[in-house]
């Protein structure tokens with residue numbers, strides 16, 4: 001009989017709804033507040049990629065293509081005739097490609113770790 005009175009008065013339904021609302025609020029607060037580490041990791045990933053691309057471009061211009069001075073004609077008692085020659089350096093090109101690929105791999109790795117963390121948090125909050 002007491003159960004019928006509570007059902008008529010709606011005491012149990014209001015308590016259940018308050019508990020459900022509290023659980024929803026806790027879940028929404030957790031998902032909103034705990035993503036700062038992932039955001040920081042994404043920012044660092046983008047900075048790493050941009051700096052790596054800039055460094056690769058600088059290396060391409062300075063290390064890959066080098067200018068050397070070559071003696072065209074040699075004179076014993078006067079100044080030599082020289083000419084500046086631009087040459088391709090294969091080791092500099094390999095270093096440039098290495099810098100670019102390492103920054104790209106670091107960016108991808110950090111993004112994957114961040115996405116895994118966000119996905120695990122979403123799975124945890126759905127329970």
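The values are calculated or read from the model by the stated rules, or taken from the named source; none is laboratory data. Bear in mind the structure is a predicted one, so any value in this text is a computation, not a measurement. We place every Cβ from the backbone using ideal geometry, glycine too, and count neighbours over all the protein chains shown.
Things worth noting here:
- Considering the stretch 88-127, the residues that are modelled with pLDDT of 90 or more and not in a helix (DSSP H, G or I) include one that is surrounded by the fewest Cβ atoms within 10 Å (Cβ to Cβ), namely 88.
- Within the stretch 27-65, the set of residues being at pLDDT 90 or above, more than 19 Å from residue 88 (Cβ to Cβ) and surrounded by 14 or more Cβ atoms within 10 Å (Cβ to Cβ) comprises 38, 41, 42, 44, 45, 48, 49, 52, 53, 55.
- Residue in the stretch 99-107 that is more than 22 Å from residue 42 (Cα to Cα), free of Cβ contacts under 8 Å to residues at least 24 places away in the same chain and out of contact with any strand residue (DSSP E or B) (no Cβ under 9 Å at 6 or more places or on another chain) present: no
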